Amino acid sequence: MVGSISQVPASCWLYVSRSQIEVAAIPSEIEQIVSTSRGRNATLDVTGALIFARGRFSQYLEGPETSVAALRASIERDDRHTDIVTLPTKPTAVRLFEGWSLAYAGEASYMSRAMERTLVDAIEGPERDVRTLINIMVGMTDGRTPKG
């Protein structure tokens, strides 16, 4: 659980990137990313969600501006992905992922199909397509107890 989740997030970052992870190493690398991220995010008072599908990452992070900036810099240096595209979004009045240091549902076929349909539109399209991607992330937490 995250410490001061009642604070309104001062900053958020949504991005999509292409995986550089070798296919055989994907399960162990994703497990390591999720485990490390949950601990680091909790320490930094950051909440968010991660989707990995069809060789792409999409992640939404929200929290204090300095914490989100530090995570962004770390992610941009990470050689496990490339072609990072920042999608336009604005902080919300409340955290979208309150209680989730990092929501992650695994690589499910539903997520893969939904993300595939939404990614190109979100990257090239209007704000409503970005909102669809965020809604997919929020939807994967519905009815689930936060993990980390």
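The values are calculated or read from the model by the stated rules, or taken from the named source; none is laboratory data. The structure displayed is predicted, hence computed values, not measured ones. Cβ sites come from the backbone with ideal geometry, for glycine too, and all protein chains shown count toward neighbours. For accessibility, only protein heavy atoms count, side chains too; no ligands or nucleic acids. Shrake-Rupley method; radii C 1.70, N 1.55, O 1.52, S 1.80 Å.
List of remarks:
- The residues of segment 80-98 that are open to solvent by 50 Å² or more (accessible area, probe 1.4 Å) and not β-branched (Val, Ile, Thr), listed by number, are 80, 83, 88, 90, 91, 93, 98.
- Residue check for residue 122: more than 18 Å from residue 10 (Cβ to Cβ), of a type outside the set (D, E, K, R) and modelled with pLDDT under 65: yes
- Taking first residues from segment 81-101 that are of a type in the set (S, T, N, Q) and partners that are open to solvent by 30 Å² or more (accessible area, probe 1.4 Å) and part of a loop (DSSP other than H, G, I, E, B), the Cβ contacts under 7 Å between residues at least 6 apart in sequence or on separate chains come to 82/20; 101/148.
- Matching option when the condition is surrounded by fewer than 14 Cβ atoms within 10 Å (Cβ to Cβ), of a type in the set (D, E, K, R), within 15 Å of residue 15 (Cα to Cα) and at pLDDT 95 or above, among 77, 72: 77
- Considering only residues in segment 22-37 that are of a type outside the set (S, T, N, Q) and open to solvent by less than 80 Å² (accessible area, probe 1.4 Å), the one that is nearest to residue 74 (Cα to Cα) turns out to be 33.
- In segment 43-64, the count of residues that are surrounded by fewer than 18 Cβ atoms within 10 Å (Cβ to Cβ), over 12 Å from the mean Cα position of the chain (by Cα), of a type in the set (Lys, Arg) and at pLDDT 95 or above is zero.
- In a residue-by-residue description of segment 102-111, the property of being open to solvent by 10 Å² or more (accessible area, probe 1.4 Å) and modelled with pLDDT of 80 or more applies to at least one position.
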